[in-house]
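Participant: Starting off with a structure, shown below.
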Amino acid sequence: MNDQTVPVITIDGPSGSGKGTIAQMLALDLEWNILDSGALYRTLAYFMLEEGIELVDFKKNEQFINKNFIVKFDPAAIGEPVKVIFNNIDVTNKVRTEEIAKETSHLAANRLIRDFIKPCQREFMLHPGLIADGRDMGTVIFTDAKLKIFLTASIEERAKRRQTQLKRQGSEVNMRLLLQELEKRDKKDMEREHSPLKPAEDAVTIDTTNLSPDEVIKEINKIHKY
Ligand code: DC
């Protein structure tokens, strides 16, 4: 049973809106736990690919997956990505490739997968608090969160940020292709039947296009004191 007294702040939004950076800054600042739910979906996609388990065979393999899907997050340090530890192995870079992103978008649209991931996400509700970063944190997973933030940014700015992130990982990606992929993924995430990407009714939306991470944190602090 999850401890309902654990305070949760949800940070939702599309790829490149700044969710990851802002969630990390808040987690480090408040010394709270962090859930990077996108990375959780990515790690599941990575695991299934490694094991050669197709989506159609998910149900058949659910017990095996459940037993072996142990993911932990470490907020790391500003400027570094949040660390993803899967079965005691650091898979941070392995799950952040474009190949895994494409596969994940497909998996994340599936009801069975979302139902499987939901309780895994709730397990991250641990004292002293949780920063939950994703697409449906405020609308579906932590509906009773004390603060819900929805971040947006122009698609050009988001593609630029993604390109910088990929470059840092050593991958060169064509900007035009990146824009196309981002558009496709946005459409899929927003139009899917299960848990589509949208702000919760009680979320505060912040457009980060022309804001630095510190300015976004200032905006959040204006609406909320911890
Ligand atoms: O934020 P990201 O790029 O790491 O997310 C990877 C994929 O997972 C993306 O296609 C959206 C999906 N996702 C989701 O459906 N629900 C979440 N809560 C988080 C991510």
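The values are calculated or read from the model by the stated rules, or taken from the named source; none is laboratory data. As the structure is a computational prediction, the values presented were derived from the model and not from experiment. We place every Cβ from the backbone using ideal geometry, glycine too, and count neighbours over all the protein chains shown.
Participant: Scan the range 4-19 and report the pairs whose first residue is assigned to a loop (DSSP other than H, G, I, E, B) and whose second residue is modelled with pLDDT of 95 or more and of a type in the set (Phe, Trp, Tyr), with Cβ atoms within less than 7 Å and a gap of 6+ or a chain change.
Facilitator: 13/150
Participant: Moving on. Looking only at the range 120-158, which residues are basic (Lys, Arg) and closer than 13 Å to residue 14 by Cβ? Let's see the steps before the verdict.
Facilitator: Step one: of the range 120-158, the residues basic (Lys, Arg) are 122, 135, 146, 148, 158.
Selection gives 135, 158.
Participant: In addition: Got a number for residues in the range 1-25 being aliphatic (A, V, I, L, M), within 16 Å of the ligand (Cβ to nearest atom) and out of contact with any helix residue (DSSP H, G or I) (no Cβ under 6 Å at 6 or more places or on another chain)?
Facilitator: Here is the first cut: in the range 1-25, the ones aliphatic (A, V, I, L, M) are 1, 6, 8-9, 11, 22-23, 25.
Right, trim to within 16 Å of the ligand (Cβ to nearest atom) and you get 8-9, 11, 22-23.
If we keep only those that are out of contact with any helix residue (DSSP H, G or I) (no Cβ under 6 Å at 6 or more places or on another chain) too, we end up with 8-9, 23.
So the answer is 3.
Participant: Something else now. Which of the residues belonging to the range 51-73 are among the acidic types (Asp, Glu) and without any contact (Cβ under 8 Å) to a residue 24 or more places away in the chain? Don't jump to the end; show me each part of the working.
Facilitator: Filtering the range 51-73 down to residues among the acidic types (Asp, Glu) leaves 51, 54, 57, 62.
Within the range 51-73, 51, 54, 57 meet the criteria.
Participant: If you scan the range 150-195, which residues turn out to be over 14 Å from the mean Cα position of the chain (by Cα), within 13 Å of the ligand (Cβ to nearest atom) and not in a helix (DSSP H, G or I)?
Facilitator: 192, 193, 194 - these are the residues of the range 150-195 that are over 14 Å from the mean Cα position of the chain (by Cα), within 13 Å of the ligand (Cβ to nearest atom) and not in a helix (DSSP H, G or I).
Participant: Quick check on my filter: what residues within the range 97-106 are of a type in the set (A, V, I, L, M, F, W, C) and more than 8 Å from the ligand (Cβ to nearest atom)? So that I can check it myself, show each step before the final result.
Facilitator: Start the filter on the range 97-106 by keeping residues that are of a type in the set (A, V, I, L, M, F, W, C), which leaves 100-101.
Passing the criteria: only 100.
Participant: Give all pairs with beta carbons closer than 7 Å in which a residue from the range 108-124 that is closer than 10 Å to residue 2 by Cβ meets a residue that is more than 11 Å from the ligand (Cβ to nearest atom); count only pairs at least 6 apart in sequence or on separate chains.
Facilitator: That search, which allows pairs on different chains as well, returns 122/2; 124/33; 124/130.
To keep it simple, each residue is scored yes or no on (1) in a strand (DSSP E or B); (2) among the hydrophobic types (A, V, I, L, M, F, W, C).
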residue: 104; (1), (2): no, no
residue: 117; (1), (2): no, yes
residue: 124; (1), (2): no, yes
residue: 148; (1), (2): yes, no
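Participant: Can you name the residue in the range 114-125 that is within 9 Å of the ligand (Cβ to nearest atom) and not basic (Lys, Arg) and, of all such residues, is surrounded by the fewest Cβ atoms within 10 Å (Cβ to Cβ)?
Facilitator: Step one: filter the range 114-125 for residues within 9 Å of the ligand (Cβ to nearest atom), giving 114, 117, 121.
From what's left, not basic (Lys, Arg): 117, 121.
Numbers: 117: 20, 121: 22.
Among them, the one singled out is 117.
Participant: Which of the residues that make up the range 126-142 are more than 9 Å from the ligand (Cβ to nearest atom) and either at pLDDT below 95 or not in a helix (DSSP H, G or I) (or both)? Write out each step before concluding.
Facilitator: We begin by selecting, within the range 126-142, every residue more than 9 Å from the ligand (Cβ to nearest atom); these are 126-131, 138-139, 142.
Those that are more than 9 Å from the ligand (Cβ to nearest atom) and either at pLDDT below 95 or not in a helix (DSSP H, G or I) (or both): 126, 127, 128, 129, 130, 131, 142.
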